[in-house]
Amino acid sequence: MNYTFFLWLAIILLSTKLCGLIIRKIGLPEVVGFLVAGVLLGPSVLHVMEISSASPTGTFLEDTAELGVVFLMFSAGLDTNLDEMKKNMVASIVTAVIGVIVPLIMGTIAYGLYFNQDFGSREDLMKSVFIGVVLTATSVSITVQTLRELGHLNGKVGTTILGAAVIDDILGIIVLTVVTSLKDSGVSTTMVIVKILLYTALVAVLYAACNWVEPLLKKQNRKRRTGLATLAFCMFMAYISERFFGIADITGAYFAGIMLSSSKVRNYVDEKVGVISSMFFSPVFFASIGIKVTLGGMTGTVWIFAIVLTVVALLSKMLGCGLGAKICGFSNRESLQVGLGMISRGEVALIVAEKGRQVGLIAEDMFAPVVLVVIVTTLLTPILLKMVFPKPDQKKIKDK
């Protein structure tokens, strides 16, 4: 048995904490420190470790990181105010729709113009459109952690961002399926839509079931069996979402948290999940994003396009989602907050890009620009959110 993973975990936990403390000293969210720690440890700087499917230790680290984001989104669901979310549902839908359309159009035009693609050619058009599809992806795990640190997760803007992110995930799947089905006849758009409808029905049934067993849960409040059962429910939702419906596992975990957000056991579960998440799984997840960063082998042409694509990625989500919020009556400041909260692409963009590579819609040399988009949007999101949100009440985050 290879025991290297013990050493890697020890290094990650210590380095993320150290970088987090340093970053907080200069007034930035701690999560930025976690990301920086990952970049320093990864192939781009010190090359202490790397996440590779060829390495058992790398695979273990990736699986642990996935648990980290699942716990993070489960906690976000538990923290969600359902009344506030219902009140902002229209805003979430409009924000998500415009936040998908604008990046899709801007990404398509940017790639097409930069590489002189012939939009009259079906092949060139499909390649251009797929770059736009990559930019439609949103990963709000960084935003969730930042808003929690700033004390604005459970408010008008926070719930709108979370709601829009869930809808964005579903819209992204539909857009991805439609585009890839034009290239790969084995992908059925109709089947994907049927699965999404079935998933919606399942969530509704499970939500009703949670309300039905609430009296039993209330009696078992603050007992370890309750914490274990709810955690198992979170894992169950993450599994069936990804495995049977093609919906992201983090979306399933988020819905699991929402179903329990009004329960009497909510505080106990959040307290227990919060400890294991903040002390172990979340630092590993955020560090893993930085560790995956590799920017070697890029030509000058690709570097320039990577910068262009990053600018387009930032502006398209900020303008698209901000416009959606503005249409729904949000103030200029709130619209900007929503737009910035949706710019992070995270691992979602990489997954979409990989799908494009499999069906021949994205070239190998286009992965580096996508990686740069992920890095920049991930690092900038917490910094920009810190700038546009009012400071939280002088509450010091406890150093556990």
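The values are calculated or read from the model by the stated rules, or taken from the named source; none is laboratory data. Model, not experiment: these values are computed from the prediction. With ideal geometry, Cβ positions are generated from the backbone for all residues, glycine too; neighbour counts draw on all protein chains shown. Calculation scope for accessible area: heavy atoms of the full protein, side chains included, ligands and nucleic acids excluded. Shrake-Rupley method; radii C 1.70, N 1.55, O 1.52, S 1.80 Å.
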Taking the alpha-carbon centre of each part, the distance from region 18-76 to region 255-285 in Å is 19 Å
Indicate the gyration tensor shape class of region 64-123 (rounded, prolate or oblate), computed on the Cα atoms with a ≥ b ≥ c the square roots of the eigenvalues: a/c under 1.5 is rounded; otherwise a/b larger than b/c is prolate and the rest oblate.
-> oblate
Quick one: Karplus J couplings for region 138-152, per residue in order, coefficients 6.51, -1.76, 1.60, θ = phi - 60°, nearest Hz, x for Gly and Pro?
-> 10, 10, 9, 4, 5, 4, 4, 5, 5, 5, 5, 4, 7, x, 10
Region 57-189: relative contact order from alpha carbon pairs under 8 Å, six or more residues apart, as a whole percent, is 32 percent
Lys, Arg +1 and Asp, Glu -1 on Cβ, resulting dipole of the chain about Cα centre, debye, nearest 20 = 1480 debye
Assign one of three labels to region 1-78, namely rounded, prolate or oblate, based on the Cα gyration tensor with a ≥ b ≥ c the square roots of its eigenvalues; rounded applies when a/c is under 1.5, prolate when it is not and a/b is larger than b/c, and oblate otherwise.
-> oblate
Find which of 152, 95, 134 sits farthest along the positive direction of the dipole of region 73-220, computed with +1 on the beta-carbon of Lys and Arg, -1 on that of Asp and Glu, about the Cα centre.
-> 152
Solvent-accessible ranking of 152, 47, largest area first, probe 1.4 Å = 47, 152
Roughly how many Å is it from the Cα centre of region 202-237 to that of region 297-332, as a whole number?
-> 40 Å
Before anything else, pin down the relative contact order of the chain: Cα pairs under 8 Å, at least 6 apart, normalised by residue count, whole percent.
-> 29 percent
Shape call, the chain: gyration tensor on alpha carbons, a/c limit 1.5 | rounded
Excluding ligands, DNA and RNA, the carbon-plus-sulfur percentage of the accessible area of the chain with a 1.4 Å probe reads 66 percent
The answer for the chain, accessible area per residue at 1.4 Å probe in Å², is 45 Å²
Dipole of the chain [Lys/Arg +1, Asp/Glu -1 at C-beta], most positive-end residue of 114, 289, 80 = 80
Determine the dipole magnitude for region 136-202: charges of +1 sit on the beta-carbon of Lys and Arg, -1 on that of Asp and Glu, nothing else is charged, the reference point is the Cα centre, and the result goes in debye to the nearest 20.
-> 80 debye
